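What follows is a short report on a single structure.
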Amino acid sequence: MSGLIRIFRTVLNTLTHGPLYSIAQHRISSEVPLDPVENWTFWTKPRNPITEFVVRNYPPDFVRRHILRAMLAQDHSVGIELHYDISNAFYKLFLDKEFMSYSCAYFLSERETLEDAQKNKTQLILALLNPKTGEKILDLGCGWGGMLKCIYDVTGDRNNLSGYTLSKQQLAYIKSELGLNVSLTNFITVEYEEASYDKIFSIGAMEHVRPNEILRLLQKLYSALKPGGKLVQQFFSLEKEECPASMVLGQLFFPGSLLATHSFHLHAAEQAGFKITHDSVDDYKPTLRAWYENLVNNKEKAIDLVGVAIYNKYLSFFPIFWRFFKEEEARLHRLVLEGSGTLREVERLLPGRTTIP
Ligand SMILES: C[S@@+](CC[C@H](N)C(=O)[O-])C[C@H]1O[C@@H](n2cnc3c(N)ncnc32)[C@H](O)[C@@H]1O
């Protein structure tokens with residue numbers, strides 16, 4: 001793209017989508033790969049109060065909602081394909097080798113590697129889910145199937161285990177590499193058979209469920225579970241403000257997705273009839289930093305696979321989200337929701353101090 005067109009687009013984007021969106025897009029569209037040190041510093045350094053005020057308040061609320069309404073009008077599969085159907089080999093360059101887990105890991109200490117921390121995460125989810133042979137278990141948004149494989153290793157029960165994704169490349173990977181039962185199904189719009197699952201879980205996929213879809217989805221999942229069944233979730237949600245300006249910037253990376261606040265999720269779960277028996281928080285930042293380092297260390301291979309623009313996009317995505325968590329605009333939660341009843345005391349635990357009730 002010529003320099004003049006890039007500058008024109010940046011000015012236009014600044015007016016419509018705000019300065020952060022346009023700067024990010026300008027940097028991503030650079031014809032040369034971003035410098036890893038400059039880029040990390042650029043997105044994570046403290047901002048002066050005036051800049052901070054502008055980026056938090058522009059575009060104003062009504063413009064934000066207008067932009068987001070237009071983005072959210074598109075089918076879920078459009079945004080999912082844009083983000084996930086790039087190249088499985090590209091994702092392999094920065095995700096952990098064992099699970100290809102594209103969600104927050106559980107670091108127990110700073111010395112742990114991404115591989116250790118993703119293993120800790122799968123162990124933690126296993127402990128929360130407690131899967132048993134013969135139980136019918138469903139994974140909503142199964143990625144490359146790492147958690148399904150983990151459960152299969154425990155139960156040895158392939159027939160009762162299944163997963164949904166909207167990514168054709170993930171589906172192809174799971175079919176050829178893992179031979180597990182996964183389908184291209186939208187878990188938000190699909191109708192579930194009543195009382196058909198013992199356990200349902202979802203890791204890093206509720207972020208794609210739009211606020212106006214959350215209650216209906218939870219109601220459907222509630223009735224899809226057998227009596228005594230449970231829903232285990234890991235996802236990040238907004239901590240403070242509803243619809244902050246960062247949701248517009250987020251459209252660059254996850255078009256058509258919009259986060260809800262954590263209290264909104266909890267309230268919807270109760271309204272759907274669930275009892276919240278576990279709610280712990282974790283820190284997403286070390287995972288994002290590890291993915292960044294892996295990607296930078298595989299720069300040449302990444303550019304060969306997907307080109308400079310997508311390499312630059314992921315190099316921007318990780319520090320932008322790192323800052324989002326640093327500033328506590330969002331937090332990562334792990335939840336266990338169980339059958340009907342009244343709300344029990346909600347746990348709020350810090351990483352390293354998570355206990356399984
Ligand atoms: C961030 S990835 C997480 C993948 C995996 N659970 C993990 O931890 O590695 C999000 C996953 O959710 C899936 N997903 C998002 N929205 C979906 C929907 N409406 N229906 C089915 N799958 C969806 C994507 O295809 C992708 O597999």
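Name the residues in region 112-135 that are assigned to a helix (DSSP H, G or I) and away from the ligand (no atom under 12 Å from the Cβ), would you?
Going residue by residue through region 112-135, those that are assigned to a helix (DSSP H, G or I) are 114-129.
The answer is L114, E115, D116, A117, K119, N120, Q123, L124, L126, A127, L128, L129.
For P33, indicate whether it is crowded, with 16+ Cβ neighbours inside 10 Å and outside any helix (DSSP H, G or I). It is true that P33 is crowded, with 16+ Cβ neighbours inside 10 Å and outside any helix (DSSP H, G or I). Could you look through region 16-28, keep only residues that are under 24 Å from the mean Cα position of the chain (by Cα) and touching a residue at least 40 places away in the same chain (Cβ under 8 Å), and pick out the one that is nearest to I303 (Cα to Cα)? The selected residue is I28.
Conditions tested, residue by residue: (1) closer than 30 Å to K168 by Cβ; (2) within 15 Å of the ligand (Cβ to nearest atom).
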position	(1), (2)
W40	no, no
P49	no, no
R64	no, no
I67	yes, no
L72	yes, yes
V78	yes, yes
H83	yes, yes
I86	yes, yes
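Quick check on region 37-45. Is at least one of its residues in contact with a helix residue (DSSP H, G or I) (Cβ under 8 Å, 6 or more places away or on another chain) and among the basic types (K, R)? Explain how you work it out, then say what you get.
Going residue by residue through region 37-45, those that are in contact with a helix residue (DSSP H, G or I) (Cβ under 8 Å, 6 or more places away or on another chain) are 39-40, 42-44.
Subsequent filtering for residues that are among the basic types (K, R) retains none.
Among the residues of region 37-45, not one is in contact with a helix residue (DSSP H, G or I) (Cβ under 8 Å, 6 or more places away or on another chain) and among the basic types (K, R), which makes the answer no.
Collect the residues in region 173-188 that are in contact (Cβ under 8 Å) with a residue 60 or more places away in the chain and either in contact with a Lys or Arg (Cβ under 8 Å, 6 or more places away or on another chain) or not aromatic (F, W, Y) (or both), keeping them in residue-number order.
We begin by selecting, within region 173-188, every residue in contact (Cβ under 8 Å) with a residue 60 or more places away in the chain; these are 173, 186, 188.
Passing the criteria: N186, I188.
With the condition being free of Cβ contacts under 8 Å to residues at least 40 places away in the same chain, out of contact with any helix residue (DSSP H, G or I) (no Cβ under 7 Å at 6 or more places or on another chain) and surrounded by fewer than 19 Cβ atoms within 10 Å (Cβ to Cβ), I'd like the helices (runs of 4 or more DSSP H) fully within region 246-305 carrying at least 1 qualifying residues. Full working, then the answer.
Working: elements: 246-249, 262-272, 285-297.
Qualifying helices (runs of 4 or more DSSP H): 262-272, 285-297.
Considering region 233-243, and only residues there that are surrounded by fewer than 23 Cβ atoms within 10 Å (Cβ to Cβ) and modelled with pLDDT of 95 or more, the residue that is farthest from D85 (Cα to Cα) turns out to be E239. Checking each residue in region 199-215 for being touching a residue at least 60 places away in the same chain (Cβ under 8 Å) and either away from the ligand (no atom under 13 Å from the Cβ) or of a type in the set (F, W, Y) (or both) picks out K199, F201.
Evaluate the following for S109: is it surrounded by fewer than 17 Cβ atoms within 10 Å (Cβ to Cβ), among the polar types (S, T, N, Q) and assigned to a helix (DSSP H, G or I)? Talk me through it step by step, then tell me what you get.
Numbers: surrounded by fewer than 17 Cβ atoms within 10 Å (Cβ to Cβ): yes; among the polar types (S, T, N, Q): yes; assigned to a helix (DSSP H, G or I): no.
Judged against the criteria, S109 is not a match.
Filter region 180-198 down to the residues that are surrounded by 15 or more Cβ atoms within 10 Å (Cβ to Cβ) and more than 15 Å from the ligand (Cβ to nearest atom) and list them by number. Passing the criteria: Y197, D198. Of all residues in region 52-70, those satisfying the criterion of being buried (at least 19 other Cβ atoms within 10 Å of the Cβ) and outside any loop (DSSP other than H, G, I, E, B) are R64, L68. Considering only residues in region 112-137 that are of a type in the set (D, E, K, R) and within 20 Å of E293 (Cβ to Cβ), the one that is surrounded by the most Cβ atoms within 10 Å (Cβ to Cβ) turns out to be K121.
Please specify each residue of region 169-179 satisfying the condition of being more than 13 Å from M100 (Cβ to Cβ) and surrounded by 16 or more Cβ atoms within 10 Å (Cβ to Cβ). L171, the sole residue that qualifies.
Please determine whether any residue of region 136-143 is among the β-branched types (V, I, T) and more than 12 Å from the ligand (Cβ to nearest atom).
yes
Per this entry, L95 is not counted among residues that are within 22 Å of M206 (Cβ to Cβ), more than 17 Å from the chain's Cα centre (by Cα) and either crowded, with 18+ Cβ neighbours inside 10 Å or aromatic (F, W, Y) (or both).
Of all residues in region 306-319, how many are surrounded by fewer than 20 Cβ atoms within 10 Å (Cβ to Cβ) and either in a helix (DSSP H, G or I) or among the β-branched types (V, I, T) (or both)? Quick ask: steps written out before the conclusion?
Quick first cut of region 306-319, residues surrounded by fewer than 20 Cβ atoms within 10 Å (Cβ to Cβ) only: 306-310.
Restricting the remaining residues to those that are either in a helix (DSSP H, G or I) or among the β-branched types (V, I, T) (or both) gives 306, 308-310.
The number of residues fulfilling the criteria is 4.
Before we move on, is Y164 near the ligand (Cβ under 9 Å from one of its atoms) and not in a loop (DSSP other than H, G, I, E, B)? Against the criterion (near the ligand (Cβ under 9 Å from one of its atoms) and not in a loop (DSSP other than H, G, I, E, B)), Y164 qualifies.
The values are calculated or read from the model by the stated rules, or taken from the named source; none is laboratory data. Source: prediction; values computed, not measured. Cβ: placed from backbone, ideal geometry, glycine included. Neighbour counts: every protein chain shown.
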